[in-house]
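Okay, so here's the structure we're looking at.
The values are calculated or read from the model by the stated rules, or taken from the named source; none is laboratory data. Worth saying up front: this structure is predicted, and the values here are computed from it rather than measured. Ideal geometry is used to build each Cβ from the backbone, glycine not excepted, and the neighbour counts take in all protein chains shown. Please note that ligands, DNA and RNA were not included when accessible areas were found on the heavy atoms of the full protein model with its side chains. Shrake-Rupley method; radii C 1.70, N 1.55, O 1.52, S 1.80 Å.
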Amino acid sequence: MLGFNTAGNITCQHIASFFLVGIPGLENFHCWIGIPVCLLFVLTLLGNSVIIATIKLEPSLHQPMYFFLCMLSVNDMCLATSATLKMLGIFWFDAHWIDFDACLTQMYFIHTLCIMESAILVAMAFDPFVAICIPLHYPRILTTSMMTKLGLLGLVRGVLMVLPCPLLTKRLPYYTGYVIPHAYCEHMAVVKLASANTLINRVYGISVALSVITVDLGLIATSYIKILQAVFRLSSQNARSKALGTCAAHVCTMLVSYTPALFSFLTHRVGKKVPPSVHIIVASVYLLVPSAVNPVVYGVKTKQIRDRLIDLFFTHKKLPEM
């Protein structure tokens, strides 16, 4: 779709909408691809809702770690929703067109929520660090006020860091390119279609990505180095196992979240020989799979949540005496 801008005797056709391809090369399989996408979306909404409800109903789970887990669950549901609905529209209803401003809005929310996800994972690494390394100061450090401030800090960071992306993208002229070889509006995929020099956009985009990955992974790595040092100073094997067990769910979540993110980031910039379909699938996995897997990981790995879920869904009934 095209809009018209007139300057003197020159008429320029400015793109008013973009065409999202979906997964290039696999168009004939879109209907089938939509099935696992829909299942992941349903699992995300259901699993994270159960986690939030469980934590709210169980007083023993009203602790900092589970407060951060609730934040992660809400963020995951928002992230999955911002991407999945349009993807399902493409796969099942051939709804490929998206308005220019709607595309920028989707791009903004997806990238903001991704950065918020990373910030929450940092906060979740801070919790076991305080609990294991300086346990006597745990109640004084991780207060409700501190948790709220950490959550707001992650939100503000994401909002401010991503805000220039749609603003810089909107100023670019789009005259000929309107086909986005992607399943959602990803920043660089949109920028590449511009009919102008995009150096500022590319430099800012990679700067944000590198700064978030470097800072957040650096903080998480530092926390776990300190945790391991403290754990291996413990004399009891049982105490060491229990301390490491508290970190198991968080480590699994980080692996699920950061591995596809790093792979997508690297292949998008240096993997020139990687097929476009692989790029898109990995980018979609990064958004959909962690959001669906996180509640499963915490439901299995966290004893308090697991026990509460068993109590909720498998009530014990006494058999009548004969």
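For the range 166-192, filtered to residues that are touching a helix residue (DSSP H, G or I) at 6+ places or on another chain (Cβ under 8 Å) and more than 14 Å from PHE100 (Cα to Cα), the residue that is surrounded by the fewest Cβ atoms within 10 Å (Cβ to Cβ) is MET188.
Looking at the structure I just gave you, is ALA249 under 24 Å from LEU288 (Cβ atoms), open to solvent by less than 60 Å² (accessible area, probe 1.4 Å) and small (Gly, Ala, Ser)?
Details: under 24 Å from LEU288 (Cβ atoms): yes; open to solvent by less than 60 Å² (accessible area, probe 1.4 Å): yes; small (Gly, Ala, Ser): yes.
It is true that ALA249 is under 24 Å from LEU288 (Cβ atoms), open to solvent by less than 60 Å² (accessible area, probe 1.4 Å) and small (Gly, Ala, Ser).
Against the criterion of being within 19 Å of the chain's Cα centre (by Cα) and modelled with pLDDT of 95 or more, MET124 does not qualify.
For the range 94-151, the candidate set comprises residues that are out of contact with any helix residue (DSSP H, G or I) (no Cβ under 6 Å at 6 or more places or on another chain) and acidic (Asp, Glu); within that set, the residue that is farthest from LYS170 (Cα to Cα) is ASP94. Within the span defined as the range 78-92, one or more residues are open to solvent by 10 Å² or more (accessible area, probe 1.4 Å), closer than 25 Å to MET146 by Cα and of a type outside the set (Ser, Thr, Tyr). I need the full set of residues from the range 261-281 which are within 17 Å of the chain's Cα centre (by Cα) and modelled with pLDDT of 85 or more, in order please. ILE280, ILE281, listed by residue number. Kindly indicate whether VAL300 is modelled with pLDDT of 80 or more, in a helix (DSSP H, G or I), open to solvent by 40 Å² or more (accessible area, probe 1.4 Å) and under 20 Å from ASP76 (Cβ atoms). The answer is no for VAL300.
Going by the structure shown, is LEU255 within 18 Å of ILE110 (Cβ to Cβ), open to solvent by 40 Å² or more (accessible area, probe 1.4 Å) and under 18 Å from the mean Cα position of the chain (by Cα)? Spell out the reasoning first.
Numbers: within 18 Å of ILE110 (Cβ to Cβ): no; open to solvent by 40 Å² or more (accessible area, probe 1.4 Å): yes; under 18 Å from the mean Cα position of the chain (by Cα): yes.
Judged against the criteria, LEU255 is not a match.
Can you name the number of the only condition in (1) without any contact (Cβ under 8 Å) to a residue 12 or more places away in the chain; (2) touching a Phe, Trp or Tyr at 6+ places or on another chain (Cβ under 7 Å); (3) of a type outside the set (Phe, Trp, Tyr) that MET124 fails? In the conditions (1) without any contact (Cβ under 8 Å) to a residue 12 or more places away in the chain; (2) touching a Phe, Trp or Tyr at 6+ places or on another chain (Cβ under 7 Å); (3) of a type outside the set (Phe, Trp, Tyr), MET124 misses (1) alone. Cβ-Cβ distances below 9 Å connect the following pairs, each with a first residue in the range 228-245 that is within 17 Å of ALA125 (Cα to Cα), a second residue that is among the polar types (S, T, N, Q) and open to solvent by less than 80 Å² (accessible area, probe 1.4 Å), and a separation of six or more residues or different chains: LYS242/SER236.
Does ILE98 count as in a helix (DSSP H, G or I) and of a type in the set (A, V, I, L, M)? Criteria not met by ILE98.
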